[in-house]
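Comments concern the structure below.
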Amino acid sequence: MSLLSFGPKRGMRDFGPKASLFHRKIIERIENIALLYNVSSVSTPLIESIDLFKRTLGNESDVVGKEMYQFCDRSGEEVCLRPEGTAGVMRFFLNEFGKNAGGLKRFYSVGPMFRYERPQKGRYRQFDQFSVEFIGSDDPFSDAELIAMGRDILRAFGLSFTLEINTIGTLDERISFKKDLVSYLKSFEDALSDDSKRRLYTNPLRILDSKEECDRRILENAPVLREHLKAQSINFYTGVLDHLKNLEVPFVENHQLVRGLDYYNATTFEFKISNLGAQSTVIAGGRYDGLSEQLSGTSIPSVGFAVGIDRIALVIDEEIFPKSKGVGVISIGQDMNQNKDSYTLCERLREKGIRSSLFTSNSFGKGIKACSKEFSFGLIIGEDEVRNHNVILKNFITGEQVVLSWDLKDIDSYL
Ligand code: HAM
């Protein structure tokens with residue numbers, strides 16, 4: 001029963017000490033893999049101008065059309081909470097390095113994103129993404145290398161996955177395909193789901209992503225984007241798949257994987273895991289050669305993905321992270337000098353890299369109880385220990401205890 005009549009807003013959550021540490025450890029593990037791939041950290045603001053996303057994600061995307069948290073700031077400017085991280089990183093890149101920087105730069109960024117979606121398991125209105133962006137390479141090897149990093153990230157958590165991959169070609173190729181698709185779908189317009197009826201006139205390619213049974217049946221015989229691709233697009237895609245085979249990254253092709261944001265072209269991919277229900281995609285991304293063009297007029301070939309941290313947290317066990325060593329210090333009695341000595345012991349433990357904090361109590365039982373809630377070991381000090389210049393180390397799990405000298409010289413061998 002909560003004390004207050006209000007909690008966090010719908011689709012948003014508080015993270016207590018355990019959950020918050022768990023999230024941080026997930027991020028740290030992903031970060032270690034990104035560093036192995038020579039990726040550097042960047043950070044961009046949470047609040048951005050709406051225009052950044054309108055120009056890059058597209059006005060017809062669900063994110064811009066109905067999911068952005070947008071408001072006027074105190075100067076009257078229309079701003080929003082960022083719904084994704086790629087546009088901001090590209091904005092940073094262009095301002096920092098210019099449009100003719102040349103060469104490949106690799107960035108990762110991590111933090112909260114905001115989308116006003118209908119909340120469900122694995123889908124929140126505030127969620128954390130770990131994004132990786134390879135900016136400045138038109139080599140299919142970059143796509144494969146990035147995807148191999150995604151595989152390594154999921155492996156680091158012991159997760160098995162299905163990697164779905166597709167190519168959506170160039171804008172011209174999609175325009176030609178869109179014409180075919182729309183004319184096919186129009187002959188079934190009445191039988192489409194309501195969402196797809198609307199998308200037929202706004203963003204028809206997104207109908208390919210529909211999970212509705214009525215749409216799926218119609219899509220079975222729909223025209224195929226692949227047939228509108230020219231040799232250059234096919235060769236690039238074949239190049240990515242060949243590199244993936246070389247890197248031993250297993251994949252399945254999904255010809256209908258188009259992704260929901262306008263900035264994508266060529267490669268699109270999603271890593272899915274089976275025990276997440278409807279929100280099964282844990283990593284998603286693709287190539288976005290046109291994004292920088294929308295911002296600066298110059299195309300910079302790029303590819304990236306984002307990991308959904310909250311979804312990873314749903315499917316892994318907290319136990320996969322080794323617990324940090326910790327010893328609480330329990331001072332029994334109210335003697336000021338004894339408490340000072342106890343505090344010195346805490347300091348000594350921290351100097352040895354061992355987590356510690358002090359528990360003072362008049363009662364032995366109460367002191368042990370409080371300490372054992374937070375630590376597996378306790379150092380007990382009462383009058384006798386101060387007099388004899390030693391301490392008792394108690395293992396709360398086994399009940400064993402040993403007497404140690406004041407300098408805690410051998411403590412490591414007992415933890
Ligand atoms: P996205 O597919 O919109 O792509 O999101 C990427 C991942 O973020 C999803 O696969 C999912 O794991 C997680 N995610 C998305 N929405 C939610 C939500 N409401 N609740 C919980 N998790 C969610 C992008 O955002 C692109 N910026 C990815 C990218 C980077 N493309 C190129 N570079």
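Things to note:
- Answer from 106, 115, 123, 151 - the residue that is under 20 Å from residue 249 (Cα atoms), within 16 Å of the ligand (Cβ to nearest atom) and of a type in the set (Lys, Arg): 151
- Residue ID - nearest to residue 297 (Cα to Cα), chosen from residues in segment 230-263 that are touching a Ser or Thr at 6+ places or on another chain (Cβ under 7 Å) and part of a loop (DSSP other than H, G, I, E, B): 263
- Segment 134-164, subset part of a loop (DSSP other than H, G, I, E, B) and over 20 Å from residue 291 (Cα atoms), residue nearest to the chain's Cα centre (by Cα): 157
- Flag if residue 315 is out of contact with any Ser or Thr (no Cβ under 7 Å at 6 or more places or on another chain) and closer than 30 Å to residue 160 by Cα: yes
- Counting residues in segment 180-189 that are within 16 Å of the ligand (Cβ to nearest atom), part of a loop (DSSP other than H, G, I, E, B) and at negative phi gives zero.
- Residues satisfying the stated conditions in segment 84-114, i.e. open to solvent by 40 Å² or more (accessible area, probe 1.4 Å), of a type outside the set (Gly, Ala, Ser) and more than 24 Å from residue 152 (Cα to Cα): 91, 92, 95, 96, 97, 99, 100
- Selection count, segment 80-99, where residues are within 12 Å of residue 43 (Cα to Cα) and not hydrophobic (A, V, I, L, M, F, W, C): 4
- Residue check, residue 74 of a type in the set (D, E, K, R), within 15 Å of the ligand (Cβ to nearest atom) and open to solvent by 40 Å² or more (accessible area, probe 1.4 Å): no
- Selection from segment 102-133 of residues that are farther than 17 Å from residue 8 by Cα and assigned to a strand (DSSP E or B): 105, 106, 107, 108, 109, 110, 111, 129, 130, 131, 132, 133
- Where a residue in segment 118-130 is under 17 Å from residue 284 (Cβ atoms) and its partner, wherever it lies, is more than 9 Å from the ligand (Cβ to nearest atom) and assigned to a strand (DSSP E or B), with Cβ under 6 Å and at least six apart: 128/112; 130/110
- Number of residues in segment 294-308 that are more than 9 Å from the ligand (Cβ to nearest atom) and either in contact with a His (Cβ under 6 Å, 6 or more places away or on another chain) or within 27 Å of residue 181 (Cβ to Cβ) (or both) equals 3.
- Criterion: more than 16 Å from the ligand (Cβ to nearest atom), open to solvent by 30 Å² or more (accessible area, probe 1.4 Å), at pLDDT 95 or above and of a type in the set (Lys, Arg) - qualifying residue of 355, 311: 355
- When we screen 52, 4, 21 for residues that are touching a Cys at 6+ places or on another chain (Cβ under 9 Å), aliphatic (A, V, I, L, M) and not in a strand (DSSP E or B), the only hit is 52.
- The single condition from (1) assigned to a helix (DSSP H, G or I); (2) within 16 Å of the ligand (Cβ to nearest atom); (3) surrounded by fewer than 15 Cβ atoms within 10 Å (Cβ to Cβ) that residue 43 fails is (1).
- Sole residue being outside any strand (DSSP E or B), crowded, with 18+ Cβ neighbours inside 10 Å, at pLDDT 95 or above and of a type in the set (A, V, I, L, M, F, W, C), chosen from 300, 283: 300
- Where residue 291 falls short, out of the listed (1) more than 16 Å from the ligand (Cβ to nearest atom); (2) in contact with a strand residue (DSSP E or B) (Cβ under 9 Å, 6 or more places away or on another chain): (1)
- Qualifying residue in segment 134-147 (condition: touching a residue at least 40 places away in the same chain (Cβ under 8 Å) and within 28 Å of residue 79 (Cβ to Cβ)): yes
- Screening the candidates 195, 180 for the property of being within 30 Å of residue 307 (Cβ to Cβ), surrounded by 14 or more Cβ atoms within 10 Å (Cβ to Cβ) and acidic (Asp, Glu) yields one hit, 195.
- Once segment 77-101 is narrowed to residues that are in a loop (DSSP other than H, G, I, E, B) and acidic (Asp, Glu), the residue that is farthest from the ligand (Cβ to nearest atom) is 77.
- Any hit, segment 136-144, residues being at pLDDT 95 or above, hydrophobic (A, V, I, L, M, F, W, C), more than 14 Å from the ligand (Cβ to nearest atom) and closer than 29 Å to residue 234 by Cβ: yes
- Of all residues in segment 358-385 being in a loop (DSSP other than H, G, I, E, B) and under 16 Å from residue 323 (Cα atoms), the one that is least open to solvent (accessible area, probe 1.4 Å): 375
The values are calculated or read from the model by the stated rules, or taken from the named source; none is laboratory data. Note that the structure is a prediction, hence the values are computed from the model and not measured. Note that we place each Cβ from the backbone using ideal geometry, even for glycine, and neighbour counts take in every protein chain shown. Accessible surface is based on the protein model in full, side chains and every heavy atom, while ligands, DNA and RNA are left aside. Shrake-Rupley method; radii C 1.70, N 1.55, O 1.52, S 1.80 Å.
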